[in-house]
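Before any comments, here is the structure.
The values are calculated or read from the model by the stated rules, or taken from the named source; none is laboratory data. Note that the coordinates shown come from a computational prediction; the quantities given were computed from them, not determined experimentally. Cβ sites come from the backbone with ideal geometry, for glycine too, and all protein chains shown count toward neighbours. With ligands, DNA and RNA removed, areas are computed over all heavy atoms of the protein, side chains included. Shrake-Rupley method; radii C 1.70, N 1.55, O 1.52, S 1.80 Å.
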Amino acid sequence: MTAIPFDNSYVRFPERFFARVTPSAVRSPRLLRLNTALAEQLGLDPVWLAGPDGTEMLAGNRVAEGAEPIATAYAGHQFGGFSPQLGDGRAVLLGEVIDRDGKRRDIQLKGAGLTPFSRRGDGRAALGPVLREYIVSEAMAALGVPTTRALAAVLTGETVRRETLLPGAVLTRVASSHIRIGTFQFFAARSDVEGLRLLADHVIARHYPDVRASTAPYLALLEAVIAVQAALVARWMQIGFIHGVMNTDNMSIAGETLDYGPCAFMDAYDPGTVFSAIDERGRYAYGNQPPVARWNLTRFAEALLPLLADDQDHAVELAQAALNQFDEQFQSALIGGFRRKLGLFADEADDVVMIKTLLDTMQRGQADFTLVFRRLSSDGTAAAAGSACRDLFGNPAEFDNWESAWQQRLAREAISPAERVKTMRAVNPLFIPRNHRVEVAIEAAVERQDLAPFEDLLAVLANPYDEQPGREDYARPPAAHERVLATFCGT
Ligand code: AMP
Ligand code: MG
């Protein structure tokens, strides 16, 4: 019996799409965490995965039957500068499986050793970043945001050298695919139109089957990717998520949040918030994410130009028209999302101003983004919600003004207060992976081999919209001394 029912497609591409690799074995693999529910969703046996053979596979020490491990080739713009060749330098795609819903999913080991794309890197991952990706990607999934998933974390028993020596680990990542904007750029940069077309056809069949019916399928593909990226970034903005490294090689064509490096959630609302230590100029600050997404999509459109039309001027016109849809799609997703967060169902012209005024008031009052919305949805009556909320503002009188306007606006809604609170709670999380909590969990695991804080945090974040008696402290913003000012990708 084969333990994993692989059904691989990417490895059927011509050889220039990837390099065949074998994960490098590690000294003494130890399974730290298995995502049992995800394993079952993928049709994998969690008992086998957690056993000795499964752990060996998750560490890269044993290639499971049916796996055809490869490192994929891609390019990308990193902080605005183009690298024609990046590729999986420390990740190995074992293969694909068809999950319980009939969806094709990649199974990839991140930190599995050197590949032809490793450049100066060691092909490895440190425990801290592995746990961070595990926590935050699973939290995003529970929040309902499209994302790659974490299937397992394994300790290697080896150290990796970063600024210091750190315990090494391997993350098993699951994605709808690992195809990025940068994958298209790889072929475009080589004027490899045949490769581009093969890739586009694969992406259409795999992620956007509806596009096949279009008379201009490649233009329809561009439009589809623009639409999912606009929707994705609008979701990020609504929960205070900061990706941190929105390079084109980290933007999934399938519209999932991909590559959790120095990502973090914002506490007090400020569009300029940046955590990533390498993002000195704030290119990927919270408030810059929408224009950066559009910039990245423009790079995607450029890569697709040879497929859009034979005449290049015409291709550029088509691409431009498609890109011009981004702003409206993003704005409408964003406004729609904030309307739901405020319990507004009817569509009134002044709602946009009301949302903007609240955000500006939060910024001036350094109010906690997550808790403001949660407290506005914390009670059956608007008045009670307001009083719980005003404590969060350094400028409570200003909040009071906004709140009375909000109450007048709510009075014009047909929905009952109880119903409104219910719907608001379903979109305003109580629990997010707060940076200081993530750091505590990582530190306990790395410094003291104590996984209890990691497990506790995962358990809380599995139900981010539910009150959890005894877990109130996980909803609390950091005190001044707990505040995390910088995050690192640890590569
Ligand atoms: P990332 O910052 O994780 O998006 O990675 C950017 C590029 O650097 C990708 O091509 C990675 O494969 C590569 N890379 C990152 N860390 C390592 C590492 N430790 N060893 C080899 N390549 C790496
Ligand atoms: Mg990356």
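Restricted to segment 81-94, and to residues there that are open to solvent by less than 60 Å² (accessible area, probe 1.4 Å) and touching a helix residue (DSSP H, G or I) at 6+ places or on another chain (Cβ under 7 Å), the residue that is nearest to ligand 2 (Cβ to nearest atom) is Leu86. With the requirement that a residue be small (Gly, Ala, Ser) and open to solvent by less than 30 Å² (accessible area, probe 1.4 Å), what does segment 6-30 give you? The answer is Ser9, Ala19.
Which fully enclosed helices (runs of 4 or more DSSP H) of segment 173-289 have 3 or more residues being within 16 Å of ligand 2 (Cβ to nearest atom) and either outside the structural domain of Asp88 (by TED's automatic domain parsing) or touching a helix residue (DSSP H, G or I) at 6+ places or on another chain (Cβ under 8 Å) (or both)?
Of the helices (runs of 4 or more DSSP H) lying wholly inside segment 173-289, those with at least 3 residues that are within 16 Å of ligand 2 (Cβ to nearest atom) and either outside the structural domain of Asp88 (by TED's automatic domain parsing) or touching a helix residue (DSSP H, G or I) at 6+ places or on another chain (Cβ under 8 Å) (or both) span 181-189.
The rows are residues; the columns are (1) open to solvent by 40 Å² or more (accessible area, probe 1.4 Å); (2) without any contact (Cβ under 8 Å) to a residue 60 or more places away in the chain.
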site	(1), (2)
Leu171	no, no
Ser176	no, no
Arg180	no, no
Ala188	no, no
His202	no, no
Ala213	yes, yes
Leu221	no, no
Ala224	no, yes
Leu232	no, no
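Scanning segment 239-273 for residues that are under 18 Å from Pro477 (Cβ atoms) and either open to solvent by 10 Å² or more (accessible area, probe 1.4 Å) or more than 16 Å from ligand 1 (Cβ to nearest atom) (or both) returns Ile239, Gly240, Phe241, Phe265, Met266, Asp267, Ala268, Tyr269, Asp270, Pro271, Gly272, Thr273.
Only one of the numbered conditions (1) within 20 Å of the chain's Cα centre (by Cα); (2) farther than 30 Å from Glu280 by Cα is violated by Asp101, and that is (1). Restricting segment 425-444 to residues that are charged (D, E, K, R) and closer than 17 Å to Ala268 by Cα, the residue that is most open to solvent (accessible area, probe 1.4 Å) is Arg437. Is it true that some residue in segment 462-477 is more than 19 Å from Val372 (Cβ to Cβ), within 19 Å of the chain's Cα centre (by Cα) and more than 16 Å from ligand 1 (Cβ to nearest atom)? Yes, some residue in segment 462-477 is more than 19 Å from Val372 (Cβ to Cβ), within 19 Å of the chain's Cα centre (by Cα) and more than 16 Å from ligand 1 (Cβ to nearest atom). Taking the criterion of being polar (S, T, N, Q) and either assigned to a helix (DSSP H, G or I) or in contact (Cβ under 8 Å) with a residue 40 or more places away in the chain (or both), the residues of segment 316-350 that qualify are Gln320, Gln325, Gln329, Gln331, Ser332.
Yes/no matrix, rows are residues, columns are (1) under 18 Å from Glu443 (Cα atoms); (2) crowded, with 24+ Cβ neighbours inside 10 Å; (3) within 11 Å of ligand 1 (Cβ to nearest atom):
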| residue | (1), (2), (3) |
| --- | --- |
| Asp101 | no, no, no |
| Arg120 | no, no, yes |
| Ala125 | yes, yes, yes |
| Leu151 | no, yes, no |
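For segment 351-382, a residue qualifies if it is part of a loop (DSSP other than H, G, I, E, B), closer than 24 Å to Ser416 by Cβ and open to solvent by 10 Å² or more (accessible area, probe 1.4 Å), and the qualifying residues are Ser378, Asp379, Gly380, Thr381. The numbered conditions (1) free of Cβ contacts under 8 Å to residues at least 60 places away in the same chain; (2) not in a loop (DSSP other than H, G, I, E, B) are all true for Leu392 except (2).
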